[in-house]
1. Criterion first (modelled with pLDDT of 95 or more, among the acidic types (Asp, Glu), open to solvent by 10 Å² or more (accessible area, probe 1.4 Å) and touching a Gly at 6+ places or on another chain (Cβ under 8 Å)) does residue 104 satisfy it?
2. Only one of (1) among the hydroxyl-bearing types (Ser, Thr, Tyr); (2) open to solvent by 10 Å² or more (accessible area, probe 1.4 Å); (3) touching an Asp or Glu at 6+ places or on another chain (Cβ under 9 Å); (4) within 30 Å of residue 7 (Cα to Cα) is not met by residue 111, so which one is it?
3. List the residue pairs whose Cβ atoms are under 8 Å apart, where the first residue sits in region 15-32 and is among the hydroxyl-bearing types (Ser, Thr, Tyr), the second is open to solvent by 50 Å² or more (accessible area, probe 1.4 Å), and the two are 6 or more positions apart or on different chains.
4. Take the residues in region 146-163 that are hydrophobic (A, V, I, L, M, F, W, C) and modelled with pLDDT of 95 or more, then tell me which one is least open to solvent (accessible area, probe 1.4 Å).
Amino acid sequence: VEFGGKHGMVIIGHTLVWHSQTPSWVFQDPDGKPPTREVLLERMRDHIHTVMGRYKGRIRGWDVVNEALNEDGTLRPSPWLKIVGEDYLEKAFQFAHEADPKAELYYNDYSLEGPRKREGAIRLLRKLQAAGVRVTGVGLQGHYALEHPSTRQIDETIEAFASLGLQVMITELDVNV
C-alpha cells in the first residue's frame, strides 16, 4: 500500500470475506463446535473494521466477498452460509460500508462468463441492491483459455453487470494456451 501510494497507483484490497482463506478457528468456538450466528457476525464485523480501518483513505476499494457462488449460480455451502445464513453477504457489505463509507465495494468471482453462474450473480447483486446494500461493482477473475470463454461471453458478462449500474473490473487475468 505504501509503494502504491508513493507511485500514484490505485489500490484495491482483496479480500475481506472468503471461505477458502478464512482460518478454521473463525468458524469454531473454544469447544470446537460452530459459533452462534451472532458470534460469527461479530467476528466478521471486527475483521472487516480492523483491516479496512488500517488502510482507510489509502485503498480505493475492496473485494468484500469472494467466490460465494457455485458453478450453477447457487450459493456455495460455506461456513459463512451455514452458520449465518444467506444474509452474510448483505452483512459483509454493510460492515465494509460502515468501516469506510468512501470505499468502493466489490463482489468478486471466477467463471461469471458461464450463463448459470452469471445469472446467479445477477440475482445475488439485484437482491443486495433491492435491500439497499451499497455495491459498487463486480470483479471478474479472468481465468481464460484461448477458446473459452468466447469474446462474446465476456462481452455479454460485462454488459449484464453494467446494466445493473455496476462497475466491472477484471481482477485477475491469465490465459492458458
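The values are calculated or read from the model by the stated rules, or taken from the named source; none is laboratory data. If you're wondering where the values come from, they're calculated on a predicted model, not measured in any experiment. Methodologically, a virtual Cβ is constructed for each residue, glycine included, from the backbone with ideal geometry; neighbour enumeration extends over all protein chains shown. Ligands, DNA and RNA are excluded from the accessible area calculation, which covers all protein heavy atoms including side chains. Shrake-Rupley method; radii C 1.70, N 1.55, O 1.52, S 1.80 Å.
1. So residue 104 fits the description; yes.
2. Residue 111 satisfies every listed condition except (4).
3. 15/21
4. Selected residue: 161.
Condition check ((1) under 13 Å from the mean Cα position of the chain (by Cα); (2) among the aliphatic types (A, V, I, L, M)) across all residues:
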| site | (1), (2) |
| --- | --- |
| 10 | no, yes |
| 31 | no, no |
| 36 | no, no |
| 40 | no, yes |
| 68 | yes, yes |
| 74 | no, no |
| 78 | no, no |
